[in-house]
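So the structure is just underneath, and the comments pick up after that.
The values are calculated or read from the model by the stated rules, or taken from the named source; none is laboratory data. Fair warning: this is a prediction, and the values are worked out from it, not measured in the lab. We place every Cβ from the backbone using ideal geometry, glycine too, and count neighbours over all the protein chains shown. The accessibility values were calculated without ligands, DNA or RNA, using every heavy atom of the protein model including side chains. Shrake-Rupley method; radii C 1.70, N 1.55, O 1.52, S 1.80 Å.
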Amino acid sequence: MRAFYRAALPTIVRQAVKVERETSLSVFSYSGETTLPEQVASIRSFLAHAGRPKQFTVVSDGSYSTSSIEVLEKIDNSVRVQKTPPALPPDLPDKIQSYLTSHGTGKQLALIMSLPSDGPTLYTDSDVLFFPRAHELTDLARTKSVSAFYLADHQFSGDERLISDPSEKTNPVNTGFLLLFRPLDWSLGLERLRMLNDPPNFFTNQTVTHLCMHANSAVAFDPAKFILQADDEFIYQDRYAGSAITMRHYVHAIRHKFWTSLARRFSN
């Protein structure tokens, strides 16, 4: 299914998505050439179920080709690709600045740290599919009482070196889906990062985000509607996809279900 989708991308993006509503959200995603099929499918599912955002900005990791950028921007007038990285906060230590500008997941963290942009802002990874209840994101965007919502992870997947006490691993945060309402205080996570003696790893950015979300009293999305689970990894059926959920993050262990779920939509 993925190979077919990639081959058909020029045709797929010429088929307009039926957009039934507008949403006040700005949306950002971070991706590159290797995940182009997922990024296209994710954006199209957002437009179909959540609506047309003020803008859907795909921040490139630097690998998108000119033709792939054209594919993405043909999806909808709201979609644009940003080839330049976001501006960093001033006076960052060289060690942190290097991580945020040269490390793959560090560059993702730099984008998240730059948000929100122009009102309530959704950050979503490219391996997220949206479902019929995604229209409720518009209502969530009107929330005034919290700093941010985060996607609850099914387990703590982080850089243990940044954790100073086991209690800090409670209520794990997944970096792949966040709704931000105001600039956050990142000082705790960045201080732990500064104290790190060894090189960052794949999960360092997620741990910095986890610490930041809790330091800023962020709230978890409803885990019954915003899904991050891997307990159906070894069965064919997607146990969660359907009209009752808002989104599912198809993390690495269940990435194949991104495509079996999409294939099921086509067959229906």
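If I filter the stretch 144-158 down to residues being part of a loop (DSSP other than H, G, I, E, B) and surrounded by 14 or more Cβ atoms within 10 Å (Cβ to Cβ), which single residue comes out as farthest from the chain's Cα centre (by Cα)?
Step one: list which residues in the stretch 144-158 are part of a loop (DSSP other than H, G, I, E, B), which gives 144-147, 153-158.
Now drop any that are not surrounded by 14 or more Cβ atoms within 10 Å (Cβ to Cβ), which leaves 146-147, 153-154, 156-158.
Values: V146: 19, S147: 17, D153: 13, H154: 16, F156: 17, S157: 16, G158: 16 Å.
For the stretch 144-158, the residue satisfying everything is V146.
Looking across the stretch 8-37, the residues that are in a loop (DSSP other than H, G, I, E, B) and in contact with a Pro (Cβ under 9 Å, 6 or more places away or on another chain) come down to T23, S24, L25.
Taken as a whole, the structure places L88 among residues that are at pLDDT below 95, of a type outside the set (S, T, N, Q) and open to solvent by 40 Å² or more (accessible area, probe 1.4 Å). The single condition among (1) within 20 Å of L111 (Cβ to Cβ); (2) crowded, with 23+ Cβ neighbours inside 10 Å that A41 does not satisfy is (1).
Counting only residues that are in contact with a helix residue (DSSP H, G or I) (Cβ under 8 Å, 6 or more places away or on another chain) and open to solvent by less than 20 Å² (accessible area, probe 1.4 Å), the stretch 159-179 holds 7 of them.
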